[in-house]
Each structure stands twice: as C-alpha cells, then as structure tokens.
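K.L.:
This structure is in structure tokens; I'll ask about it shortly.
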Amino acid sequence: METCYGKSVLQGIAIGKLYVIEKKESSWTKMTIADADGEVVRFQNAREEAIGQLDELYQEALEQVGEENAMIFDVHKMMLDDLDYLEGIENRIRTEMVNSEYAVTVTGEEFAAMFSSMDDEYMKARAADVLDISARLVRVLEGREEPSLHAREPVIILADDLSPSETIAMDKSKILAFVTKHGSANSHTAILARSLNIPSLVNTDVEITRDYHGKEAIVDGVTGSLFIEPDEETLEAKKKEQEEIRGREEKLKLLIGQENITKDGRRINLYANMGNVEDVQKVLESDAGGIGLFRSEFLYLGRDTFPEEEEQFQAYKEVASRMEGKKVIIRTLDIGADKKADYFQLDPEENPALGYRAIRICLTRQEIFRTQLRAIYRASAFGTVSIMFPMIISVKEIREIKEIVEDVKKELTDEGIAFGEVELGIMIETPAAALVSAELAKEVEFFSIGTNDLTQYTLAIDRQNQKLDPFYDSHHPAVLKLIEMTIQNGHKEGAWVGICGELAADDTLTETFIDMGLDELSVSPTYILKLRDRIRNIG
C-alpha cells in the first residue's frame, strides 16, 4: 500500500479505481509562413471557435454549479477580446512571419510573465488564466480536443492539475473523486468540485504515472489521504467509515420539516444561496426557509446586451412565485472585478477588486440600476421579496439608493403597476462597512455579511492565490471581531443580521455565530440539513 497526502477540498470517502489523465503535449513546431494575411485569418477563426467553446462551457457550468462558479468562463472569454493580447499575436504573425501556434504560445507566455510580475495578487492570478486561454487556442489550431474521461464505471480522477473547463466537461456520473498533484483549495477547480459535492484532494504528494491507471485506491477527504492499492485492513476500515457517512446523510433527511432551534431554545433562520432560476428546485428540495442570496448577475453575463426590464421581471417573478411566500433576498447587480460583460464597456483597472464594481456602477449609471429595481419591485407583488445592495461603505450611498427607490416606486404607482412591501438591506463586505455598521443600521432593515470579501479585504489576501494559502485564515480574530461588531450594531438599531459567505457553511463556527446573536445563515442548498443538525445539537 502506498499512502500520499494532500489538501482536502471536500470531506468524504471515495473507493474505486484510479483513472490517470495525462495531457497530450502539443506537437507543433515553429514554422516560417508565406501568407501572413491567411495565417491571421486562421488565428481569427480559431479564436471564434474558442469563444464558442467557452459559451458552451458557461452554460454547462451554469446548470451544474451555478452562476458564480460559471463566471470563470466569462473571464476567459473576456481575455479573448483583449485588444493588447490579440494585437500581440497578430503583430507577431505579420512581423516575424510565423505560424499561429507559435505566436499564440509566445504571446501568452509574455502576458503571463507580465501578470506574474505585478504586485497586485488579483492580477498575478490572471497569469494562469491567460496560459489556459492560450492553450485552448493552440488546441483549436491543432484540431486537438480537451483531455476527456472515457471510463466505463465511476472512477477516481488522478491528474497533474485540472482546469475549470476540463472539470466541467467531464461526465459527473463517472467521477468518484478528484486528486491532483498541484492546485489550491481555493482554486476555481476546487470550488467547482465542492459545488459538485465530489471528494477531492489538491496539492497531493503523488507522482502522476500511467502505472497507477486502473489500480484500486481510496480518497479520504477527512484526513486528506490517498491510499493506492490499500491493504485489506485499511480497505475494510474505510468502507466502514464510508457507510457511516452515508448513514449520517440518510439520517439528515429525517430533519426535513424540523425547526432550526438549539437545545436551549435559540432559533436561527437557514436560507439558501442561488445563482439562477433553475436553482429554485434545489432550494425547495433542501427545505431552506427562504433564499438569502439570489445573485442577479446571471441575467447580465454570457450575453451581448443589457437585459430588458420585462426579462428581469419574469425571472424574479418565477422565483418569488415558486417560493410561495418564503423570503427571497435579491442582491442587485454585482458586476465588476472578475465578473465582467463587454457591453458594460468598463475600462481596464490595475486593481479591479478595489475598483469600479457593484453599487458603484449602479449609482453612476442609474439607467441600469432603475431598470433592475423596477423589475424587482414588480416581482414583489408575487411573493415576499427583499433587496440587498452590495459593496456599501457609507451612509451617503444608502441615502442615495433610497431616493432612487422612492422614485421607482412613485413611477410604478403612477403607472398603476402593483408591487409589495420590500425590505431593504445591505451587504457588509469591507472593514469600512463593519466599522460604521452602527450608522448604516439606522438606514436599513437588515445586514448580510459577505465573509468571502470581508476576509480578503481585512487580511489583504487574495484567496485565489495558492502561494498565500499558508497566510489565509478565515477564522482570523480580526474577521470574527468585525462580524461580532456588525451583529451587535445591527441589533442595537433593530436590524437583523445574517451571513451569506462561505463561513456560513463552516459548522465549526456555527455555535460561535449563534453566541454572537446571528439571526440567519445562508448557504448552498446542500448544506441546509447539515447545519440544521448542527444547530439542533447546540446548547
């Protein structure tokens, strides 16, 4: 038996045969060409095909893992529209009279080196993206397909690393677990694996060799271990643990319809996060008390024009109606940073994570904002709808928002269009918002703490950068103090407070949050019953 260790992405145990994915190396060579115009056309055709592939991958990801996780493919598509990148390739073809494969590869490496040398960690992370896009273009030019899975039975995938597109393209019914030699627990692929509920290990000390293909193995996501050709004792022990996990999962189903209340009588709301209309069924099946975060960006991404009011209204109405009176909290447009759409015509920024995004776009381009608000208010006539506004840092912003909201309500009233009572809240995502939460709470009815951004901004760490994994601590005392401060300040002014970031699903903090007085947790539907069980065993 050989034992390897990695970083667990998702706890769970998988037992099966290894399926080694070895990526085929490109076979192209640098060539001198005679027709530069013809070669540029060849490159442009490859670019169009690559864009088509990314559109298909976006739709697949949208259905499988939701809008937020699908956005990586929009980022890649955006790079294929980057003029500097495209002109760099075409200029190299024309001036050096070389083939497209060479021009794409060298230009991609130059851009990746440029990104890697930047001080900003977000921009450093784009190096991997530009290399991924360049590799896709070369594959198209060579007529090669992406590495794929051709297994007859469910298997454990073993690879050097997997790109998001490779992960999404695989037949999920044939995957028991992922194990990669490289990668980060915060990488796009790891996030996709968690969304797909597949046990996974990354950064594993295993050699990727064809000799392992077809061998029996065990992935233990609890201890972060990979056992290759396990001995009988280990195999039996892990089978027993696997059955115990399955038993606990079946037992959780008995909690459907039960209350989220601690042994000493403290009650907390459990809501679900969702990224598109199709997710409503998962929310209903999870027995969530409502929707704590409905990401509206899915209506804006993967398209070429702004969504009309009627299209938005129909989407919001469907969700509100199907939830049958349960609360639906819609987050207004959160475009910017790594979520971009070309038709917004946003200027390039040196530090997009701290740039022109979310409410900053809405308040300066009010025609976009008003259209969305009209659609949401119209939908409020068909259910219990609340609105929360992202990236708020000041009272001034909230007051400006409320003025716009009143104008929209007056317009609808004058037009004879019905709407319901809508609760207004904000996201607490920056240390600034947490520190002035006492003043902010006087203006709104609720807070929803976005712990992903709050942690990044508090620690000044890009959680997508695997080099910083040893420094990234989502349980950092500063983060927890800001959360507690926000809860206390919200309650003093009569606002309820929830969490909708990844920490909401961290059951090691559930009791801490309840002791702080938190009112609500909003998580992926798959975590609802697990958290209900945790809550009911506290006190």
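K.L.:
Answer with yes or no whether E216 is over 23 Å from L468 (Cα atoms), surrounded by fewer than 16 Cβ atoms within 10 Å (Cβ to Cβ), of a type in the set (D, E) and modelled with pLDDT of 90 or more.
P.N.:
So E216 passes the test.
K.L.:
Here's a check for you: in the range 407-451, which residue that is of a type in the set (S, T, Y), in contact with a helix residue (DSSP H, G or I) (Cβ under 9 Å, 6 or more places away or on another chain) and within 15 Å of G501 (Cα to Cα) is surrounded by the most Cβ atoms within 10 Å (Cβ to Cβ)?
P.N.:
As a first pass, look at the range 407-451 and keep what is of a type in the set (S, T, Y): 413, 430, 437, 448, 451.
Narrowing further to those that are in contact with a helix residue (DSSP H, G or I) (Cβ under 9 Å, 6 or more places away or on another chain): 430, 437, 451.
Within this subset, residues satisfying the condition of being within 15 Å of G501 (Cα to Cα) are 430, 451.
Working: T430: 20, T451: 23.
Of everything passing the filter in the range 407-451, T451 is surrounded by the most Cβ atoms within 10 Å (Cβ to Cβ).
For every residue, the table says whether it meets (1) buried (at least 16 other Cβ atoms within 10 Å of the Cβ); (2) touching a His at 6+ places or on another chain (Cβ under 9 Å); (3) assigned to a strand (DSSP E or B).
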| site | (1), (2), (3) |
| --- | --- |
| T204 | yes, yes, no |
| E207 | no, no, no |
| F227 | yes, no, yes |
| K238 | yes, no, no |
| R246 | no, no, no |
| D264 | no, no, no |
| E278 | no, no, no |
| K282 | yes, no, no |
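K.L.:
Further question on the same structure: Out of the range 70-117, which residues are under 25 Å from the mean Cα position of the chain (by Cα), surrounded by 14 or more Cβ atoms within 10 Å (Cβ to Cβ) and not in a helix (DSSP H, G or I)?
P.N.:
L80, D82
Conditions (1) in contact with a Lys or Arg (Cβ under 6 Å, 6 or more places away or on another chain); (2) open to solvent by 10 Å² or more (accessible area, probe 1.4 Å), marked per residue:
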| site | (1), (2) |
| --- | --- |
| S474 | no, yes |
| L480 | no, yes |
| E493 | yes, yes |
| G498 | no, no |
| D506 | no, yes |
| F513 | no, no |
| T526 | no, yes |
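K.L.:
Okay, moving on. When the residues of the range 344-368 are filtered to those that are outside any loop (DSSP other than H, G, I, E, B) and under 23 Å from the mean Cα position of the chain (by Cα), which remaining residue is surrounded by the most Cβ atoms within 10 Å (Cβ to Cβ)?
P.N.:
Initial filter on the range 344-368 (outside any loop (DSSP other than H, G, I, E, B)): 344, 352-354, 359-364, 366-368.
From what is left, the residues that are under 23 Å from the mean Cα position of the chain (by Cα) are 344, 352-354, 359-362.
Details: F344: 15, P352: 19, A353: 17, L354: 13, I359: 23, R360: 16, I361: 20, C362: 26.
Looking at residues that are outside any loop (DSSP other than H, G, I, E, B) and under 23 Å from the mean Cα position of the chain (by Cα), I get C362.
K.L.:
Would you please name the residue that is farthest from the chain's Cα centre (by Cα), looking only at residues in the range 288-307 that are small (G, A, S) and part of a loop (DSSP other than H, G, I, E, B)?
P.N.:
Taking the range 288-307 and keeping what is small (G, A, S), we get 288-290, 292, 296, 302.
Keeping just the survivors that are part of a loop (DSSP other than H, G, I, E, B) gives 288-289, 302.
Numbers: A288: 20, G289: 22, G302: 15 Å.
Looking at residues that are small (G, A, S) and part of a loop (DSSP other than H, G, I, E, B), I get G289.
K.L.:
Do we find a residue being open to solvent by 80 Å² or more (accessible area, probe 1.4 Å), at pLDDT 75 or above, closer than 30 Å to L293 by Cβ and not aromatic (F, W, Y) anywhere in the range 62-69?
P.N.:
So far as the range 62-69 goes, no, none of its residues is open to solvent by 80 Å² or more (accessible area, probe 1.4 Å), at pLDDT 75 or above, closer than 30 Å to L293 by Cβ and not aromatic (F, W, Y).
K.L.:
Let me ask something else. In the range 493-539, what count of residues is obtained for those that are touching a residue at least 60 places away in the same chain (Cβ under 8 Å) and at positive phi?
P.N.:
1
The values are calculated or read from the model by the stated rules, or taken from the named source; none is laboratory data. Values in this document were obtained by computation on a predicted structure and should not be read as measured data. With ideal geometry, Cβ positions are generated from the backbone for all residues, glycine too; neighbour counts draw on all protein chains shown. Ligands, DNA and RNA are excluded from the accessible area calculation, which covers all protein heavy atoms including side chains. Shrake-Rupley method; radii C 1.70, N 1.55, O 1.52, S 1.80 Å.
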